[in-house]
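A short write-up of the structure that comes next.
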Amino acid sequence: MIVVTGATGNIGRQLVEVLHSAGEAVRAVSRGTTPVDLPAGVEHVVADLGDLDSLSPALAGADALFLLITGEQLMSGPEPEQVLKTASAAGVHRVVFVSSQGAVTRPDSAGYARTIAFEQALAASDLEWTALRPGAFNSNTFAWLESVRTARTVAAPFGDVGLPSVDPADIAAVAAAALREDGHHGHAYTLTGPAVVTPREQAIALAEAIEEPITFVELTPAQAKQNMLHFMPEPVADHTLTILGTPTPEEQQVSNDIERVLGRPATSYAQWARRHSAMFR
């Protein structure tokens with residue numbers, strides 16, 4: 001049995017489908033705040049990583065765990081060691097944890113302190129573990145859905161500063177490999193797309209995907225921060241803006257870890273845009 005936390009999110013939803021299609025027994029865990037549309041036969045359990053009493057029964061009988069912390073859990077919650085002890089006590093022996101590239105490139109940022117603590121706790125545990133360190137997500141541009149649909153406009157800061165953003169489906173595919181296969185213990189994979197792409201270039205790719213012109217509007221950092229605060233804590237918004245505006249050379253570097261694990265190239269933003277074009281029309 002493989003337990004997937006964050007099962008209704010951009011990575012988790014696709015991971016559940018990949019594992020189920022591969023014939024794995026999957027238990028999808030979410031906090032119950034998002035409608036659940038899961039493949040037939042996948043068990044859904046409502047639990048919260050911030051509440052270990054709810055987490056323990058959700059993990060019962062599981063061999064492997066996909067561990068994702070989001071929202072307030074990025075800043076506070078049970079000590080990572082307690083979360084891992086709860087998992088181990090339930091029978092889990094393999095954990096794939098979604099960390100962040102920023103945990104390495106910006107280790108002094110308060111926004112990454114808890115992510116780093118989870119990595120350290122995993123390394124000190126008796127569990128088999130793999131850390132996934134993605135950079136920016138292609139799915140971050142879902143924030144443009146409404147403006148593209150209604151006004152054929154994209155608004156974003158730092159229009160000409162690029163990052164090698166990654167397809168969450170590629171993250172899910174690497175996670176599935178690490179959960180199902182031996183040979184990934186102790187590895188930390190940096191997950192990026194195949195090329196650096198700027199917000200302005202993403203807008204062009206979306207325009208090509210929907211076959212409609214899209215106007216790019218550059219936001220100030222302050223305007224962008226106000227938008228981010230609707231769905232992330234302020235320290236996370238601050239360090240996200242720093243990465244978007246002044247990425248380090250390491251954050252702009254393309255990693256080959258996706259190809260190394262999956263045996264195929266990472267998905268480009270243009271490919272991602274074409275796959276999701278119906279949502280933006």
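The values are calculated or read from the model by the stated rules, or taken from the named source; none is laboratory data. It should be emphasised that the depicted structure is a prediction, and the values quoted were computed from it without experimental measurement. Glycine also receives a Cβ, built like all others from the backbone with ideal geometry; neighbour counts cover every protein chain displayed. To get the accessible areas, we keep the full protein, side chains included, count just its heavy atoms, and leave off ligands, DNA and RNA. Shrake-Rupley method; radii C 1.70, N 1.55, O 1.52, S 1.80 Å.
The residues of segment 34-132 expose, per residue, 43 Å² of accessible area to a 1.4 Å probe. Radius of gyration over Kirkwood radius for segment 159-214, both on Cα atoms: the Rg/Rh ratio is 1.16. Other residues lying with their Cβ under 15 Å from the Cβ of Ser100 contribute a combined charge of -3, Lys and Arg counting +1, Asp and Glu -1. Applying Stokes-Einstein at 20 °C and 1.002 mPa s to the Kirkwood radius of segment 1-55, computed over alpha-carbon pairs, gives a translational diffusion coefficient of 193 µm² s⁻¹. In sequence order, segment 187-192 has phi-based couplings of 8, 10, 9, 8, 10, 9 Hz under the Karplus curve 6.51 cos²θ - 1.76 cosθ + 1.60, θ = phi - 60°, and Gly or Pro positions carry x. Rounded to the nearest 20 debye, the dipole size of segment 1-138 about its Cα centre is 280 debye, using +1 on the Cβ of Lys and Arg and -1 on the Cβ of Asp and Glu.
Between Ala123 and Glu81, the modelled label-to-label distance comes to 1.6 nm, taking each label 7 Å out from Cα in the direction of the beta carbon. How big, in percent, is the set of alpha carbon pairs in the chain lying more than 30 Å apart? Across the chain, Cα pairs with separations above 30 Å total 29 percent. The modelled label-to-label distance for the pair Met279/Leu229, using points 7 Å beyond Cα in the direction of Cβ, is 2.7 nm.
Normalised by the number of residues in segment 76-129, the mean separation of alpha-carbon contacts (under 8 Å, six or more apart) gives a relative contact order of 49 percent.
Tell me what the chain gives for mean residue ellipticity at 222 nm when only DSSP H runs of n ≥ 4 count, each as -39,500 (n - 2.57), the sum divided by the residue total, rounded to 500 deg cm²/dmol. Only helices count here, giving -11000 deg cm²/dmol.
The calculated FRET efficiency for Ala222 paired with Glu259, based on their beta-carbon distance and R0 = 30 Å, is about 0.20. Using every pair of separate Cα atoms, the Kirkwood estimate puts the hydrodynamic radius of segment 32-117 at 14.2 angstrom.
As a length-normalised measure over Cα pairs under 8 Å and 6 or more apart, the relative contact order of the chain settles at 18 percent.
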